[in-house]
Every structure is written in C-alpha cells, then in structure tokens.
1. So if R0 is 51 Å, what FRET efficiency would residue B:6 and residue C:363 give, r being the distance between their Cβ atoms, rounded to the nearest 0.05?
2. With springs connecting C-alpha atoms under 10 Å apart, model chain C as a Gaussian network and identify which of C:79, C:350, C:336 has the largest mean-square fluctuation.
3. Taking only C-alpha pairs under 8 Å that are 6+ residues apart, what is the relative contact order of the stretch B:220-314 in percent?
4. Hey, got the average number of other protein chain Cβ atoms within 10 angstrom for residues in C:50-56?
5. Once every DSSP H run of n ≥ 4 in the protein assembly as shown is given -39500 (n - 2.57) and the sum is divided by its residues, what mean residue ellipticity at 222 nm do you get, rounded to the nearest 500 deg cm²/dmol?
6. For a protection proxy built on the mean count of beta-carbon atoms within 10 angstrom, sort B:57-66, A:120-129 highest first, please.
7. State the extension gain, in nm to one decimal, for the chain segment bounded by residue A:136 and residue A:177, taking 0.36 nm per residue of separation less the distance between their alpha-carbons.
8. Determine the distance separating the Cα centre of the stretch B:77-118 from the Cα centre of the stretch C:161-204; give it in Å without decimals.
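What follows draws every value from the coordinates through simple rules; no lab data is involved. None of these values were measured; they are calculated from a predicted model. Note that each Cβ is placed from the backbone with ideal geometry, even for glycine, and that neighbours are counted across all protein chains shown.
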C-alpha cells in the first residue's frame, strides 16, 4: 500500500484503539481517582461484561441488535452489583488498605477467572455486531490531471468500528455530565478530593465508595459489551484491558477524566501510527517506551497536578 | 536473650532448618523446597525494595529475566562455563536495574508502578523480537552436561538443593544485615516519610537508586539460578504475572520482614500444589484463601506474627 | 555426548556418609522416589502422569486432550490393560506455564511414582519440563507438534511418537501451495518461536518449489487488532499463509476479510488458528473457499475410514467435529488424536519391553526407539506413521482441506515422504 493511505488506515485504527482504551479505562479512572486503590480484578469485571454479552446474545437469538441492546443494559447492572457486593463484603472490611486490597483483588481475580472457566469454558466466543458494513474509503492524490479521488486497495473501515468511536465519545460525555452536574457526581468528587472532610460534612463515604466501585465495574462492562463484537469473549481477556487501563489512567493524570481521554488518544494513535514505520513487534516496543517516557518526564501525568 | 540474639537465632535457625529438611523430607518436597528457595530469593529481592524502601514495582520480572537470560545466553550462545555466565547474569541484572531505576525514580507512587510495568513489558517484547537468539516464548534448554560449577553437577538433587540453599542464605543474610545498617535504616525512614528523610539531609534519590540496584541484582541472581538449576530460560518469566508473583508472596508472607518472603513463597506454592491435587478448580480455593488472608492477616503471615507475639522480629 | 554420571552422588549416598544423621536416615525411608516403585505386583495399575493444560491459554486444547486421553485409556483397559495390568491416569494441571510444568513432572516422578509422563501440548511447557524429566529419568511422551524433540535440544527421555512436528507439516504443504494456489506468498504469523518455525521452514520449502515469500509479517502476541498491519501485504501477493494462535484469532480473520473486501488473494492457513472454534462462527464467512492444513479432518469425510469412526465415537465427537453432548463445543481435532495414538504406542512399547515397573523405563524407551512403521488402524486413526527412533519424532500424513459451505473438505493428502527431512540428532547415542 502507498504511504499516504497506509498512514490514514493506521490512524483510523489508532482512533478505534483509542476509543476502546477510553471505554475500558474510564471505569478504572473513576475507581482509582476516587478510592485510590489498585484493583487488580478490574480487568475481570471487563471480562465478565463480555461473557454476559455472549450469554445474552446466544440465549436470545434473533437479530443481533436485540441481544446487543439488552446486553448493554444487563451486563453493567449485573457486573456493577457484583462489584458493589465485593466492595461491601471485602474491601470495606479491610479498610481499603493498599496492600491488603492488592492481595484481596488478586484473590478475586482467581475466583472470577476460575468460575468463568468452569461455566463459560476456555474457548474464545464471538458476539455478532448489531451491524457491520465494510466501508471503502477514498484517497486524494495529486496526479497528472490535478487532484483525483482514488479508492486504494484495502483502505476501509467498518460501520461498527465507527460506531465504537461515537459510542466512546457519547458515554464519556454522559459520564462527564453525570460527574459535574448531578448530586451523586458532586458527592463522588467531594470524596475524591478529601474523603475525611467529605465525611465530616455528612457525605456517606462508605456508601459512595460502594457506588463508585459498582459504577467503575459497570463502566468496564459497558466497554466490554461494545468491544466484544470486535474482540471475542474469552476467560483470560481481562489482563490486557487491566494493564492498558492502568497505563491510560496514570498517564492521563490520576483522577482526571479529561486526562484519561487524552492519554487514551495519545496511546491509541501512537500505537497505530508507529506501526507504519517499524516492523510490528518493534513498533510495539517503541510505542511502549515512548509512553513510558512521557511519564518519566511528566511524573504527575498529562493533566495531573503534581503531588505533595 | 537480647533481641539481637533472637534475630540471629531466627536467621541462622531458618537456614539450619532448611538444611536439615533436606534429610528429613520426602524426595518430592525436597525438590519443591529447592525451587521455593530460589523463588524466595526473588521475593527477598522484591521485599528489599517494596517492604523496606516502600517502592511498589510491577516490573521485577525484567530483573529476574535479565539474570536468567544473561546467564542463559552466555552459556548457550557464547559457550561460557557456568561460573562466568553467572557473573554475566548478575552484571546484566545490575545494569538493567540501574538504567530502569535511574529513569523510573523520576516518578513515585502509582506512576512508579506503571513505569516499571511498561519497561518490563517492553523487555518482554524485546525477548520475543530477538527470537533468533532467545527462541522467544518457547525459550531454551541449558543442557544438563553444561550445568556444572566448580566440578559439581548442579542438576543432581543434592547439589541443586544446597546450591539453592547457599543462594538463599547469601541473599537472606545480606538483606537482613543491610536493613540493620545505617543505610537500611535510612531506607526505612524513606519508606515511612520521604520528605522528612530528605529534610534530615539524606540524598533520598541516591538511596532509592541503590535500593533498586540491590533489589534488581538479587532478583536477577534468582533468575540466573533458576536457569542454571532447572535448565530452562523462557519469556514466560518476563510476563507481568511474574512481576505480580513476588508482590503477592511478599504481601502474604509479610512485607518488611526478613522471613516473610520465604513464608509467602512456601504458603503460595503449597496452596496451589495441594489444592490442585484435590480439585481442578484449585484457583477457586487459592482465590478464596487470598481474600480471607487479606481480611484476617493484615500484615501478612510473618507481619501478623510480629504484631501479635514476636515484636522483636526484623 | 558426555553426560556426568550422577548416580554416585545421591541423597542416599550423602545420608549414609553423615553418621550424625542416624536418626534422620530412618525418617527418610518413608520417602525417596529414588528407591522407586516396589517391584510390580501383577495387578497394580500402570500409572501414567498426564500433564494437561487445564487453565491458562492452552485450556481449550487441554479439555479435549483430556477427553481423548480418557477415551483412549478406557479402550486400553477394556482390551485388558497393558501387560495384563490396568492403566491409571493421574491428571495434573500445568496452567500452560513452563515453571509449573516442571513442577508437575517432578510431582509425577517423586510423589505419585508414575511410570511415565505424557500429554503436553504447548512447546514452552515442553521445554520447561523436559530437563526435569531427563534428570528424574522419567520417560516423557509429548503431544506437541513442536520441532523441539527432533531438533536435538531435549534429551533421551523425551519422545514425540504420536504427532508430526511443525517442520514436517510445513514442508509437506509447500508443493500443494505452489502448484495450486500461487508462487508469491505473504506469511502472517505470531512473533513466537512457533511462528518463526513456520516462517523459516516454509520459506525454505517454498523456495525449493520455485516460489518466494514476498513478505513475512510477525504479529506481536499481545496484539488485539490487526488491520494496521495488513497494508504491509504486498499487492503482488498471490497467497496469504496465516497461522495465528490465541483468542484474538477470530478478530484476525474477520479483519483480514474486512481489509480485502470482495477481492482477496488465495488464502492458506493452519487450522491451529481455529481449533476449538466453529468455522461457521459469525465473522468467519470470509474463510469460505480458503484452504487449511488439518492434522486430522475435523468434518467426517465422504470416504471416512472405519478407524476414524471408531475413534470419533469413542471420544464423543460428532460428524462436524463438535462434542456429541454440545454441538457448539468444537474439538481440537487436528491435534488431540496425538494423545490417542501416543497412548497406544506407550502400550505397544511397554508390551514389547515386557515392562514391569520404573526399573524398566529405559527398556521402554529402547522399545519405542525400535519402532518404525505404524499402519493406519484403530490404534492410529489419523493415518499411518513412520517413527524415527534416532530423532524420537514421528512422521505422518497431512491433510489440506477447503472450506466449502461451512465444512472442511479434504482436497489433498500428503504422503509421509513429503514431510521427511534429514536427521538433526541421534538420541540413541546418548547414555540414559
């Protein structure tokens, strides 16, 4: 493929990756931002969302859109409830102690993974997208007859991938409105800024934490439902989103939702664009190092405030 | 008996007990214990940084594999005997931890955790990228005939066990010694309150860098020893799971205790091993055990012992 | 190969030399696996340690390896066991992890006193475990299709008699690809050692046929989206050769289809990508009329042999290659026959060696090394095999199938000769 169309395709793919990253990371961004706990099991909530989407779709049959819409409602509810219960019965009891939270959430990860393996099974299972049309894309080239529109070989995207980008923007806007405009969002932000003072002012911090934990897991599940028609449901699929979410959240700046989005775009786009110039694995190595160096030279993250 | 005496008794008693167990335990558990001591050495290295200096890294697999591949490639690609190869493994781990430490220490807290994670991820991909030499994920075998040091065949049961014990003892006693020294006390001061340590005039950056290098080199020592004693090096050891394991072991055993790493590894090893003999759903048992432990043994096993009964424990 | 003699420096020897440990010596009598299994009582079962990928990335394969193994052992026991003794399977999960794999091998040898260990699929687990099997002198029969055994990197105790290796498979594909599909090939494979083997062996084999590999694209294994790599496929490509593994493989196929749209080159893949996956899954429509290597035809063919019928029924697989209990649960048909055949080879080897107990382990290995041609039969339902005792590797027929109306239909069967290559090792010269 010519350089121009190649770059365009890689950028488009980068945008899709960025959207997926933003979707997977926003749940963790909220949990991490408000509660400051390292939840190793976050990726498993994502995985559960994908698995539930598969269950719903395969039980329902009919047009894939029906199952998809139902999964978008059910998956976050189920996963969010599960997470809130885990918070209530485990994390609150250990007082969100950072070290104990790591051990407990690794335990949770084992439990969720094994349970999924025993019920859902070890296979990768696809979920049909509600719609998926291949859209060939044009390219403009300056040739002998001036500008001409051509349709390069392979330059295309699918309608569902475009939808994922739109969905990511929509959900994040919704989240943003929720956090800034609603009372619940205000309570969350108050807890995030200073949980002790918030408590003194009568914010039910314990309950806020449960809600936040449930909301974060629910967001991960929504992300998974949206992603699963592109990537299949599999019981080990939680690890990559977990790591990527952590990276996105920290690069963006702890607790900054706009930072999370910018970081997702930065990481997704650089992953796509760098792949044009280097062989695939080398590109991955370079992209990883580039993002790591961002943090080395800006330790508080892109939009984070310096610590202290 | 002074506390100093108790500490010595604990440390030398642990080593003596491990030596004695060789003669008492059935063959299967002797084999396990040899492996446990190597992994406990890895955990000791991790504990030095996490438990005593307060830096949570998610990239220690990189240091472990630096030692493992330093030794392994020196032996298989350059045909070096095991002793110089071991030194190359140690140098590799030392250099890698120095570079990573230099860069990562610009950050702190969760950012430190993520930066180390990403460097380790890049390291893992680098092993795959140079698959021509490393054989990537598959890894390579170090032939039994080459695993000889000073005329001793390290693949035999007895020499493997005592080589592992020597490795463990060196690192165990060294770390126990360092944390009692002024340098170690400063690290603990940094863990407790870095700002205060800095105001007292300590160069906390230099201290932390030294701590990473010591921690990384011990981890690499364990990696090199694994390759040498068990005859295999592979990229699996560079994956993020193998960075999370030492964190888990140390937290289970008790962060910031000298015996915690060993206890944590023994606990986790037998938790998996015994439960997998009973049921194929052993991860479920392990998961529940971890959750319960987090709830009822807040400072890890050794940490809880120290809090309740043995306040003198180092 | 000068191996160091370890026999004079054992725990037992050390124990005896330490006088002070007199009380300890008594205690040790409860244990050492070194003393071995008590001389076989005639009815004591033969214990086979089955190292299975129950968790981890190999779990989908492990489940079917387990089912096949259970079925094969049931058949062997129904036919009277081995040397008149029943066969007992001791299953242990290795988590698809080389470190745990080595531990499991130790457990078989020293805790369970297994006669042999067998059943490993993933190459990195084989590499991690084989050194321990060699040191513990435990015959280790792998079912992995890796080139590890035949490359000479392992040891005399490790054998792969039930499944062909990747080098042989890949080499046998080249004539068909070059004669029927095209001469200019782009290879897409995971950046794993297994992918590199495909690249190296196929590149050499296709060049011998007068073809060329115009581009090789190694995909990092952590990747979940692939479209951005497809522009690397040169326009002149006539055939795409793909072999991907792991859960992302459906995405890979789907995105490949979306990239090419209506006009694609010929496509040839290794079914490894789609083992345990329904070929009619949504998104895989693109694979219609493409070609696959199959180790053992998943769909029952028009000329299905009676051997395949017996085997299929015994394991519980329907004519589409799915479980009889659940038509959505697809098997790993191209690999799992290796468990069945390996167990039958172990039985034949033990009978030829008049195997009585662990003291006869070396006799068992020598008996297997002495094997050569194995006929297509109920014992070898995949096809005839030719075992090379020197390299510890078997050679067999390969199948090339075309996807037609959602079924894999065999187009070509390679001969054993197509997959032969020069010996790279002679394990029989190594001491035990």
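1. For residue B:6 and residue C:363, the calculated efficiency is 0.35.
2. The residue that fluctuates most here is C:79.
3. 28
4. Per residue, the average neighbour count from other chains is 4.
5. When only DSSP H runs of four or more count, the value is -18000 deg cm²/dmol.
6. Sorting B:57-66, A:120-129 by mean packing, highest first, produces B:57-66, A:120-129.
7. Between residue A:136 and residue A:177, full extension yields 11.2 nm more.
8. For the stretch B:77-118 versus the stretch C:161-204, the Cα centre distance is 37 Å.
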